[in-house]
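Below is one structure, written out as structure tokens; the observations come after it.
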Amino acid sequence: MCSLTKHFTLAVLHLEHSNMTVEKNITLERPSNVELTCQFTTSGDLNSVNVTWKKGDTLLEDNYLVNATGSILYTQYRVTVIDSKQMGSYSCFFGEKKQQKGTFNLKVPEINGKNKPLITYVGDSVVLMCKCQDCLPLNWTWYGVNGSVQVPIGVPVNDKYVISGKHANETSLKITQLSEDDQGTYWCHAIFELGESEGHVELVVLTYLVPLKAFGAIVAEVVLLVTIILLFEMYTQKKKKPSDDGKEFEQGEELQGLENETRVKQVAIILMGQSNIC
């Protein structure tokens, strides 16, 4: 465990007349001395304002001071954080007609996984990454999810899982020979002197039939469209009466053929465009 020095981690909250709770997050990676200060401005009698502190729902009866300067009331609370028991939420309260509240949240560093799902295919390999910005965890652990239970991933199974990390503030999990059963949420846990933090990566494993199904649906729609066009043309041809002038009839046939050819080309262009999208 690290030895504590006289240095204090300082945090200040300015409270105004509002129904909203003012909050501040304080990130601690290792044991520290912490000084929390709340400042409240009042237009009334400072002596009539009752000041209290709580850790969670527990009332704190010592280790805090109350001072006043003009119409500004200050209160300070000092805490020596040596393990996870001292972590959590500390709140200051100023009691007037409407009680004002400020909260300090003492937390270990956050772990950054991946916000968006990672999409890959059956048979491929994938590398999942987690990182802690500006911090050095003591240890990393990976977990998979089996139903609602987290299952630790520690021992390689036929070289399927490989856990590594180039730097102490990051970790990676490589999964090879992916199957649909590998799909799900993977959690990375970081262990600090003052507690644990975790991030997650969502893995989606697709088969190669998935894009083919979409392409097949597009082809079916195009074929249906072409069939409807051809049936419509046949129907209109039957309704037309032959022209007495043979030349006019031939010209009409040529124009109709060109129109049909143009429609088919347009459908082909649509088909090629949809296939490129897939």
Extension length gain for V151 and Q133 (0.36 nm per residue less Cα distance), in nm, is 3.9 nm
Residue span S43 to L225: 0.36 nm per residue of separation minus Cα-Cα distance leaves a gain in nm of 57.8 nm
In this structure, the FRET efficiency calculated for K166 and T52 from their beta-carbon separation, with R0 = 51 Å, to the nearest 0.05, is 0.55
SASA check, H167, accessible area w/ 1.4 Å probe, all protein chains in place, rounded to nearest 10 Å², comes out at 110
Quick tally, 1.4 Å probe accessible area for M20, M129, M87, sorted with the most first, runs M20, M129, M87
L206 and N115 label points (each 7 Å along its Cα→Cβ direction) are spaced in nm at 2.2
If amide H atoms are modeled at 1.01 Å from N in the peptide plane, then the residues at a separation of 5 or more from E198, or on another chain, having amide H under 5 Å from its own are I111, A190
Length gained, I191-D62, 0.36 nm per residue minus C-alpha separation, equals 43.3 nm
FRET efficiency (D83, K24; Cβ distance; R0 25 Å; to 0.05) is 0.70
Taking region 54-177, the lysine pairs whose C-alpha atoms sit under 16 Å apart (8 or more places apart or on different chains) add up to 13
Expressed per residue, the solvent accessible area of region 84-133 in Å² (1.4 Å probe) is about 55
Computed on Cα atoms, Rg of region 149-198 relative to 2.2 N^0.38 Å comes out at 1.29
Rounded to two decimals, the Debye log10 I(q)/I(0) of region 111-206 (Cα scatterers, no solvent) at q = 0.16, 0.17 Å⁻¹ is -0.63, -0.71
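The values are calculated or read from the model by the stated rules, or taken from the named source; none is laboratory data. Fair warning: this is a prediction, and the values are worked out from it, not measured in the lab. Cβ atoms come from the backbone with ideal geometry, glycine included; neighbour counts cover every protein chain shown. What goes into the accessible areas is simple: the full protein's heavy atoms, side chains included, and nothing from ligands, DNA or RNA. Shrake-Rupley method; radii C 1.70, N 1.55, O 1.52, S 1.80 Å.
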